[in-house]
C-alpha cells in the first residue's frame, strides 16, 4: 500500500505530522582532567530503581537522561534540557558531563565499575563485559523514540485489519526504510571521529579520524554472524528467537540494531499486541549542543522519518537493507571532510522531503531546516563531524575541546542556579518545584504552563499542584479568606490575634472625609485584595498633607475597588512560611533601598544595585529590580529627596515603605533567630485560615523576646495564600530553605 497516496486521498495530512517522541541521552561523568569519575551514581538523584528521568547505563560513571513521551521533538528536547540542568546542578563537586560520544581518556578496564543496579542487572552487565569488553560500552549517544498517533494508524486500516496489524505493517515499513537510508543521518549527524588507543585494545586500530566510530563496526555492535531478518515482523521474531535459543544472544535486548521495536518485553508478544513505537539508536552526541542534540536536528529526524513513509511504495528486499547497512558502514568510516558516499541518492531523498513539506504545508522553519541539511550534504565541512574535526584541529586536542565545552555547559547552569531555563516562562517558585520533582524522580506532566498547573505521580499516587504550593491539602475557602484582607482581619480578630484597626473606602470622596480622622497618625494604605505589595503606601510618621494621602489612595484604587486605611504598627516586618503545621522559614524583608556613596544620585545608586544578577523581573530571578515610579518618588519626597539627589556616604535611603521582595526589597533569613513563640502563633494563624500552606506577615519589635498577649508585642499585617518560596530558597543573606522539597514531602509522605 502506498502510504502517501492513502494520506492524500483520505485527508490525513494533519494526523500524519503528529507523533509521540521521547529522547534518551547517555553521557559520562568526568573530572576536570577528562578522566572518568570513579564515584558511584550520585545519591542526590534518589533511588534509580524507580527514577523515570535519571538512570545509569552500563557503568556507574555513565548517566542516562530520559525525557517523558511528548507530542513533539521540541517539547521532548525542552524536558531533556530541564533534566540536564537538574543533573548538572547536583553532580558531585568537581565533576562535569562529557559532551562527546567517546571519552578522550579511558582508565584501566579494572577501574570501570559496571552499574550496580541489583543482582540481575549487574550480572547482565558483567556478562557484557566478558563478551564485549568494557571500553566499547563507554560510548554514549542519543536514542530517538518515535511513534505515530493511534488516530492516524486507525485511519490507515484496510478491510479486516486489526490495529495491531496496522501497527506492525507500518512500523516494519518504517524500520526497513530507515535501515536503507540511515547512512544519510550518519553522514549529517555523525560526531565520533576519534577514540583513545585503549579503546582498540586487542583489535585493529583506526589511525585516521572518521565520521562516526560509534556507528561503525568499531562501535558497540554484535558479532558479525549475529543477523536478524527484516523481511517481516514474523521473520524478525523467528530469527531473533533462534539467536537467543542458540546462545548467540543471552536475551533479546542484546541485539544492537540501528532500530528496535518497542511495546513488549518479548518480540513474540508484538505479533499479537502490535509494535507501539520504534527506537532509533544511531545518533552520536552533538558536542556543541548543551543537551547533546539541537532542536533543529531533533526536528529534522522527525521530518526524515516522515519522509521515509512518504516514499513510493517499493518493496525492500534483504539485499536492499544490506545495501543500506553497507552504506552506513562506509559512511561512518569515511573521513569527516569526505564527500557523501552516494550524493545522488541523498539529493533524491531530500527532493522527496521537500515535496512532502510542500504537500503537507509544513511551516517555513521546517523548509529552512531541510535547506540547511541539503547544504551540509553537499559540503562535508558543514556536517557535524566536519565541524568537530575542524574545531579539534584549531583547539589542539579532543580532550581540551571537550573539557571547554563541558565547562561552558556547567557554567551556564551554575550561573543561574535559581530556576530551569527550559521552563523559564513559568514562575520561579514553580521552576524550583519542577526541578525538585525531576531530581527526586516524581512523574511530572505540565498540564497548563501558563496557569502553572502540573500533575505529579509516584507509583499510583497522583497529586495536582498549582503555583508550586497550592495543593489538595488546602480547603477551597482558605485562599478566598486570605485574598480578602477585610475578611482575614475579622477571622483573625475573632480568633484572638492582634490585628490593627482599619477603615475601608471605595473612592477619593470617601477618602477625603476619612483624612481628618487619621491626619497625623502613622497609617498604611493598601488595596483590600492584593498580593506582591502592589498599591501599598505607608506613612510611618503620619501625614498632614491631604494631597499625598489622596494620591496614595488613588494608587491603591488602581489595584482594587476597595481600599483599607489602617493603623501602622511599629516594629520590623517578617514573613513566616508555614507548611504542614510547622513554620519552615522566617524572612526579614527590608524595603527597597540604596546606600549613598557621597557622589552618586539616587537614580544612579538604583541602577548600580540593579546590576546584581539576582535582580530582574522578580519572576525569573529571586530578587526584583528597584523601580523609580510614582510610589518611589512619593517615598523619596517624604524623606526630602528626589531622584537626582546625591546621597551622603553611608546613608541608607528607602524607596518603598512596604518590604515586599516583589517591589525591590532585600531578603534575610531569620529562621534560627526568631523566638519559637512567634512560630507557634504563625501555625495557629494558618489553622485559622484553614490552610496547610500560608505566608504570615508579622510586625515584631524584637524577635528574640517571647510573644505576649499585649497588642504591642506583635501585630499581624496579613496572611497570604500561595506564598512566594523563592525568596526563602535564595535569600539575599542567610541560610537557604528548600521549601519546594518540603511541599513534595507533605504531598508524598511515603517517598523513601
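The values are calculated or read from the model by the stated rules, or taken from the named source; none is laboratory data. Please read all numbers here as calculations on a predicted model, not as lab measurements. FYI the Cβ positions are ideal-geometry reconstructions off the backbone, even for glycines, and counts take in every protein chain you see.
How many residues are over 24 Å from residue 713 (Cβ atoms) and more than 40 Å from the chain's Cα centre (by Cα) if we restrict to the range 479-502?
Residues flagged as over 24 Å from residue 713 (Cβ atoms) and more than 40 Å from the chain's Cα centre (by Cα) within the range 479-502 amount to 0.
Out of all the residues in the range 505-551, which are on the phi > 0 side of the Ramachandran plot and within 44 Å of the chain's Cα centre (by Cα)?
Listed by number, the residues that qualify are 532, 533, 535.
Scan the range 603-616 and tell me whether some residue there is touching a residue at least 60 places away in the same chain (Cβ under 8 Å) and within 30 Å of residue 736 (Cβ to Cβ).
Yes: one or more hits.
Take the range 519-550 and flag every residue that is surrounded by fewer than 19 Cβ atoms within 10 Å (Cβ to Cβ) and in a helix (DSSP H, G or I).
Scanning the range 519-550 gives 546, 547, 548, 550.
Please identify the pairs in which a residue from the range 510-528 that is assigned by TED's automatic domain parsing to the domain that holds residue 549 has its Cβ atom under 8 Å from the Cβ atom of a residue that is surrounded by fewer than 20 Cβ atoms within 10 Å (Cβ to Cβ) and part of a helix (DSSP H, G or I), counting only partners at least 6 apart or on another chain.
Correct list of pairs: 511/550; 512/546; 512/550; 515/546; 515/550; 519/546; 527/557; 528/486.
What's the number of the condition residue 597 fails, among (1) at pLDDT 95 or above; (2) assigned to a helix (DSSP H, G or I); (3) more than 26 Å from residue 670 (Cβ to Cβ)?
For residue 597, the exception is condition (2).
Quick check on the range 737-750. Is at least one of its residues in contact with a strand residue (DSSP E or B) (Cβ under 6 Å, 6 or more places away or on another chain) and modelled with pLDDT under 95?
For the range 737-750, residues in contact with a strand residue (DSSP E or B) (Cβ under 6 Å, 6 or more places away or on another chain) and modelled with pLDDT under 95: absent.
Among the residues of the range 654-663, is any modelled with pLDDT under 90 and surrounded by fewer than 21 Cβ atoms within 10 Å (Cβ to Cβ)?
Among the residues of the range 654-663, at least one is modelled with pLDDT under 90 and surrounded by fewer than 21 Cβ atoms within 10 Å (Cβ to Cβ), which makes the answer yes.
Name, by its number, the condition in (1) under 36 Å from the mean Cα position of the chain (by Cα); (2) more than 21 Å from residue 142 (Cα to Cα) that does not hold for residue 258.
Against the list (1) under 36 Å from the mean Cα position of the chain (by Cα); (2) more than 21 Å from residue 142 (Cα to Cα), residue 258 comes up short only on (2).
Can you pull out every residue in the range 178-229 that is at pLDDT 95 or above, buried (at least 19 other Cβ atoms within 10 Å of the Cβ) and farther than 19 Å from residue 385 by Cα?
178, 179, 180, 228
Of all residues in the range 137-161, which are touching a residue at least 12 places away in the same chain (Cβ under 8 Å), assigned to a loop (DSSP other than H, G, I, E, B) and surrounded by fewer than 17 Cβ atoms within 10 Å (Cβ to Cβ)?
149, 158
Hey, does the range 489-496 have a residue that's touching a strand residue (DSSP E or B) at 6+ places or on another chain (Cβ under 8 Å) and not in a loop (DSSP other than H, G, I, E, B)?
yes
Those residues that are within 15 Å of residue 484 (Cα to Cα) and either at pLDDT 95 or above or surrounded by 20 or more Cβ atoms within 10 Å (Cβ to Cβ) (or both), I need them from the range 712-722; list them, please.
716, 717, 719, 720, 721, 722
Could you list, in sequence order, all residues of the range 623-662 that are in a loop (DSSP other than H, G, I, E, B), within 22 Å of residue 523 (Cα to Cα) and in contact (Cβ under 8 Å) with a residue 24 or more places away in the chain?
If the condition is that a residue be in a loop (DSSP other than H, G, I, E, B), within 22 Å of residue 523 (Cα to Cα) and in contact (Cβ under 8 Å) with a residue 24 or more places away in the chain, then 641, 655, 656, 657, 658, 659, 660 are the ones that fit.
Which numbered condition trips up residue 404, out of (1) assigned by TED's automatic domain parsing to the domain that holds residue 81; (2) under 30 Å from residue 619 (Cβ atoms)?
If we test residue 404 against (1) assigned by TED's automatic domain parsing to the domain that holds residue 81; (2) under 30 Å from residue 619 (Cβ atoms), just (2) comes out false.
Among the residues of the range 80-98, is any out of contact with any strand residue (DSSP E or B) (no Cβ under 8 Å at 6 or more places or on another chain) and within 25 Å of residue 211 (Cβ to Cβ)?
No, there is no match, as no residue in the range 80-98 is out of contact with any strand residue (DSSP E or B) (no Cβ under 8 Å at 6 or more places or on another chain) and within 25 Å of residue 211 (Cβ to Cβ).
Go through the range 230-263 and give me each residue that's in contact (Cβ under 8 Å) with a residue 60 or more places away in the chain, over 14 Å from residue 175 (Cα atoms) and in a helix (DSSP H, G or I).
Selection gives 254 alone.
Picking from 76, 109, which residue would you name as being at pLDDT below 95 and either surrounded by 24 or more Cβ atoms within 10 Å (Cβ to Cβ) or in contact with a helix residue (DSSP H, G or I) (Cβ under 8 Å, 6 or more places away or on another chain) (or both)?
109
Take the residues in the range 264-288 that are in contact with a helix residue (DSSP H, G or I) (Cβ under 9 Å, 6 or more places away or on another chain) and without any contact (Cβ under 8 Å) to a residue 60 or more places away in the chain; name whichever of them is surrounded by the fewest Cβ atoms within 10 Å (Cβ to Cβ).
Per the stated criteria, the residue is 265.
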